[in-house]
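The values are calculated or read from the model by the stated rules, or taken from the named source; none is laboratory data. Nothing here was measured: the structure is a model prediction, and the numbers come from that model. Methodologically, a virtual Cβ is constructed for each residue, glycine included, from the backbone with ideal geometry; neighbour enumeration extends over all protein chains shown. Side chains included, ligands, DNA and RNA excluded: accessible areas come from the protein's heavy atoms. Shrake-Rupley method; radii C 1.70, N 1.55, O 1.52, S 1.80 Å.
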Amino acid sequence: MQQEKIDAIKSEIAATDAQNADELEAYRMKYISKKSVVGELFAEMRNIPNEEKKAYGQLINEVKVLAEEKFQVLIDKVNSSQKQSKTQDRDLTLPPTNVSVGGIHPLTATRQRIIEIFERIGFNLSEGPEIEDDWHNFTALNFPENHPAREMQDTFFIEKNPDIALRTHTSSVQVRVMENQKPPIRTLSPGRVYRNEAISARAHCIFHQVEGLYVDENVGFADLKNTLYHFAKEMFGKETKVRFRPSYFPFTEPSAEIDISCQLCGGSGCNVCKGSGWVEIGGSGMVDPNVLENCGIDSKKYTGFAFGMGIERIAMLKYQIKDLRLFTENDVRFLKQFRPML
Ligand code: DAH
């Protein structure tokens, strides 16, 4: 009985292999430690009749020696295979692998550049909420009660509360700044805006604008023109021309659309500018006195100019991107072409 058990353990030991430190440890627990099967054989000694003790002792000693010898063999084996794999892992003649680093998203780069240009001429940064109330998005900005921009086709309203909407432009931040600060005010408000539009190459329901506002004594239209003229040259290059086209916005009087000479053809006419040589980058004007008064600013003492530009629009012109949807598709083949603008 004992003999059979001992023989079984012996052949088990002979058949055991170890490839790594964990398997070595498992072997040690099973055949070497106090609680191992070999240890159990020794504990069994007290149940053996006296006359058999000597023979039994010899047998289990053999097992013990066998287990220890095998353990040493396995230790040597694992050690040498580790050494080998370490030297095999390192081929110092291999060229380094390419580390690919992320680029800056073109919209982020464009926004940063716009901020830089205006910060250098004394504009600070301001932000407002994307979920806005009717007062800040429309009423304070002098939108008449039945103005079409308030209607459902343009604005995402919050269900059950027509007073709350996703802001349709960053002009709402103008109102918030004027309500909370006294002139002189020179502020730039970049941010995300929402309109209920079908997504196409030229329009998206989520996009970005940057709003500018300058309110002080004696601010005139010449200041507006010069500021935007400076911006266009800094952003697009010295050769860029700027044109102001009379327009209408409820919150400015007079109002003007800002055009720059087409970046693609330099003004001679192509399909991007539809042959005109000019492309629109935003709207602007002198802040309507009603808007100043709505925000608690004395319109007899102060005047101001404001402008709003589309960041996607500017990025598209700067980088000659023809489809607005590329900005949000996260296709790395598109994104990896951009490096920060210097
Ligand atoms: N908020 C206008 C828009 O989204 C853009 C705009 C026009 C902003 C004239 C202005 C401005 O500040 O003076 O179309």
| Cross-link list LYS225/LYS336; LYS5/LYS77; LYS182/LYS238; LYS233/LYS274; LYS30/LYS54: which exceed 32 angstrom alpha carbon to alpha carbon? | LYS225/LYS336; LYS182/LYS238
| task | Could you work out the local net charge near THR187, counting Lys and Arg as +1, Asp and Glu as -1, over the other residues with Cβ closer than 14 Å to its Cβ? | result | -2
| note | In whole Hz, the Karplus estimates of ³J(HN,Hα) for segment 63-71 (6.51, -1.76, 1.60; θ = phi - 60°; x where Gly or Pro) are 4, 4, 4, 4, 4, 5, 4, 5, 4
| message | With unit charges on the beta carbons (Lys and Arg positive, Asp and Glu negative) and the dipole taken about the Cα centre of the chain, which residue among SER247, PRO184, LEU94 sits farthest to the positive side? | response | LEU94
| field | Most mobile of GLU179, GLU62, GLU119 in a GNM of the chain (Cα contacts under 10 Å) | value | GLU62
| What is the sum of charges around ILE314, taking Lys and Arg as +1, Asp and Glu as -1, for the other residues whose C-beta is under 10 Å from the C-beta of ILE314? | +3
| note | With +1 at each Lys and Arg Cβ and -1 at each Asp and Glu Cβ, the charge dipole magnitude of segment 2-89 around its Cα centre, to the nearest 20 debye, comes out at 260
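If you put +1 on each Lys and Arg Cβ and -1 on each Asp and Glu Cβ, how big is the dipole of the chain around its Cα centre, in Debye rounded to 20? Present the calculation step by step, with values, prior to reporting the outcome.
Working: 43 positive and 48 negative charges, 228 e Å.
The calculation lands at about 1100 debye.
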| query | Taking K and R as +1 and D and E as -1, what net charge do the other residues with C-beta under 12 Å from the C-beta of ARG325 add up to? | reply | -2
| request: Please give the calculated 222 nm ellipticity per residue for the chain, where each DSSP H segment of at least 4 residues contributes -39500 (n - 2.57) and the sum is spread over every residue; nearest 500 deg cm²/dmol? | output: -12500 deg cm²/dmol
| Cα→Cβ-extended label distance, 7 Å offset, between ALA55 and GLN19, nm | 4.3
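How many percent of DSSP beta bridges within the chain run antiparallel, rounded to 5? Please list the in-between numbers first.
Values: 43 of 45 bridges.
Once the DSSP bridges in the chain are tallied, antiparallel ones form about 95 percent.
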| Can you pull the accessible area of CYS205 for me, 1.4 Å probe, Å² to the nearest 10? | 30
| task | Could you tell me which of HIS208, PRO162, CYS273 has its Cα farthest along the dipole of segment 106-338 towards the positive end, charges placed at Cβ (Lys, Arg +1; Asp, Glu -1), taken about the Cα centre? | result | CYS273
| note | In terms of the charge dipole of segment 106-338, which places +1 on Lys and Arg and -1 on Asp and Glu at the beta carbon, the residue among THR110, ILE131, GLY237 farthest towards the positive end is GLY237
